[in-house]
Amino acid sequence: MKKYLNKSLIFLMLIFIPCLAGAGIYVCEGPDCHFDDLMKLVKSVLDYILIMTVPISSIMFAYAGFLYLSSQGSLTKREKANQIFINVGIGLFFVLAAWLIVKAILVGLGAGGTSYLDL
């Protein structure tokens, strides 16, 4: 039962989070696409990934907290919860670091202006 619950939860998150976020992928129209259009595509894909990562990581943090609180002294449950906390924290750090690096590259290439807020 737990196996099917996890799969259905992941499926629902993949379906509904993009709809709730309103993240649309930028596509240039017509044959005259330029470098700025490519940079807008990279930016929209990056923002889409970031928008999906934050809610998923918060759900995983909440699940790990629930496991930790309901461990009732069981060392295996507590270790599992600690491992989930560590893995989600490291994953969130890498996603945010990748976002920062790509944004810096986009600004360096002159896409959208001179600051991070313009993108």
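The values are calculated or read from the model by the stated rules, or taken from the named source; none is laboratory data. Note that the structure is a prediction, hence the values are computed from the model and not measured. FYI the Cβ positions are ideal-geometry reconstructions off the backbone, even for glycines, and counts take in every protein chain you see.
State the number of residues belonging to segment 81-96 that are surrounded by fewer than 15 Cβ atoms within 10 Å (Cβ to Cβ), over 30 Å from Lys43 (Cα atoms) and touching a residue at least 12 places away in the same chain (Cβ under 8 Å).
Matching residues across segment 81-96 total 1.
Conditions (1) under 23 Å from Gly110 (Cα atoms); (2) among the aliphatic types (A, V, I, L, M), marked per residue:
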{"position": "Leu50", "(1), (2)": "yes, yes"}
{"position": "Ile56", "(1), (2)": "no, yes"}
{"position": "Gly65", "(1), (2)": "no, no"}
{"position": "Tyr68", "(1), (2)": "no, no"}
{"position": "Ser74", "(1), (2)": "no, no"}
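Confirm whether Ile10 is among the β-branched types (Val, Ile, Thr) and at pLDDT 75 or above.
Criteria not met by Ile10.
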